[in-house]
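*Asks:* Supplied in structure tokens, the structure appears directly below.
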Amino acid sequence: MPCARFDPRFRAVTPSEMRSDGTRAANGFVCRLSKLLCRLGFSRVPHAFNAKLRAINAGAAPRPLPSICATHLFVDDPNTRHPDNSIGATAPSLRDGDQGVVLQRDRATYAVAPHIPCGMVTPQLLRKIADVAERYQCQALKLTSAERIALIGLKPSDIEKVWQELGMQPGAVTGERVRSVRVCPGTDFCKRGQQNSLAIGRAIDAAHHGQPTPGKLKISVSGCPNQCTETATKDIGLVGTKSGWDLWVGGSGGVNPRLASRLAKRCSDEEIVRLVDGVIAFFTANAQPKERLHRTLSRLGLNSLADFLGIPQPVTETHTIPTSADHKAAQ
């Protein structure tokens with residue numbers, strides 16, 4: 001159980017504090033925590049807690065706990081709070097989203113992910129990113145699922161200088177807004193492409209990337225039905241076919257994944273861009289705070305979105321996962 005999950009406003013309990021505040025309460029807390037840790041697979045940690053309790057109850061100096069749990073017993077310490085009463089003195093200086101950063105597991109360093117429209121880069125841009133990463137001693141570079149390059153392990157004092165040297169805008173990696181527009185190579189490069197996904201993706205990215213919305217919104221554009229950009233699990237998915245663009249809505253990954261539903265078929269380039277604009281407008285106007293599009297559609301119905309866009313109401317159709325019987329039938 002990583003220490004980073006605990007509130008930094010709390011500090012470790014000392015043996016004298018445990019005795020003065022009541023050993024019975026501490027015993028009960030540790031017993032419950034020990035059972036939880038056993039369920040999570042940390043079989044050695046409860047034994048360390050029990051040894052510490054025995055030493056405390058006997059009035060002896062306890063042996064130090066393993067590092068994995070050494071800071072897992074906490075009491076509220078007002079002396080470690082900031083004036084705003086929200087973040088401890090040892091807490092990170094930046095929150096997720098500030099200056100485009102994401103706090104890392106060590107709670108001391110950050111990652112930044114510059115916005116790279118459609119994931120298309122040049123050799124010059126790659127050299128610049130590599131030079132900045134080396135200059136500021138990044139711990140790692142990561143190609144993200146949103147088609148960005150994340151620079152991981154930056155010191156908070158270096159964040160502003162990193163952005164200045166990159167000369168790029170931060171990617172929309174956190175918060176309630178249009179997070180990303182994933183795009184495949186399409187007819188520009190891919191031999192299987194059936195529609196120009198890069199052109200459509202760039203237009204949508206330029207119009208909507210980072211746009212505030214009630215909940216996070218992810219968009220994907222695939223130039224053929226192979227759907228290399230995983231349109232079936234995105235809030236808005238475009239799939240190119242020989243006859244035009246199909247529009248899928250309401251997909252989602254995460255804890256409760258959902259496959260998207262097809263809303264429109266055989267759309268032209270102009271029509272599909274207009275429909276994407278309309279879906280985002282509908283979501284912005286009707287979604288509840290932090291709600292994903294599929295939950296909005298579950299409340300209001302897919303037909304309400306079709307009526308809003310002024311298109312025929314679709315026959316309910318969702319992406320399906322082929323079974324072995326489907327493969328045999330196809331053969």
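*Asks:* Considering only segment 249-269, state which residues are under 25 Å from the mean Cα position of the chain (by Cα) and not in a loop (DSSP other than H, G, I, E, B).
*Replies:* Correct list: 249, 252, 258, 261, 262.
*Asks:* How many of the residues in segment 97-135 are of a type in the set (Lys, Arg) and either under 24 Å from residue 175 (Cβ atoms) or at pLDDT below 95 (or both)?
*Replies:* Adding up the residues that qualify gives 2.
*Asks:* Do we find a residue being assigned to a strand (DSSP E or B) and within 18 Å of the chain's Cα centre (by Cα) anywhere in segment 272-289?
*Replies:* no
*Asks:* Also, quick follow-up: Given (1) of a type outside the set (S, T, N, Q); (2) modelled with pLDDT of 95 or more; (3) farther than 21 Å from residue 208 by Cβ, identify the lone condition not met by residue 280.
*Replies:* (3)
*Asks:* Return the pair list, or none, for Cβ contacts closer than 6 Å from residues in segment 253-265 that are farther than 14 Å from residue 302 by Cα to residues that are assigned to a strand (DSSP E or B) and not hydroxyl-bearing (Ser, Thr, Tyr), at least 6 apart or on different chains.
*Replies:* 265/246
*Asks:* Here are 154, 247: which of them is in contact with a Cys (Cβ under 8 Å, 6 or more places away or on another chain), under 28 Å from residue 139 (Cβ atoms) and crowded, with 18+ Cβ neighbours inside 10 Å?
*Replies:* Step by step, each of 154, 247 is checked, and only 154 is in contact with a Cys (Cβ under 8 Å, 6 or more places away or on another chain), under 28 Å from residue 139 (Cβ atoms) and crowded, with 18+ Cβ neighbours inside 10 Å.
The values are calculated or read from the model by the stated rules, or taken from the named source; none is laboratory data. All figures in this text were calculated on a predicted structure; none of them were measured in a lab. Cβ coordinates were reconstructed from backbone atoms using ideal geometry, including for glycine residues, and neighbour counts include every protein chain displayed.
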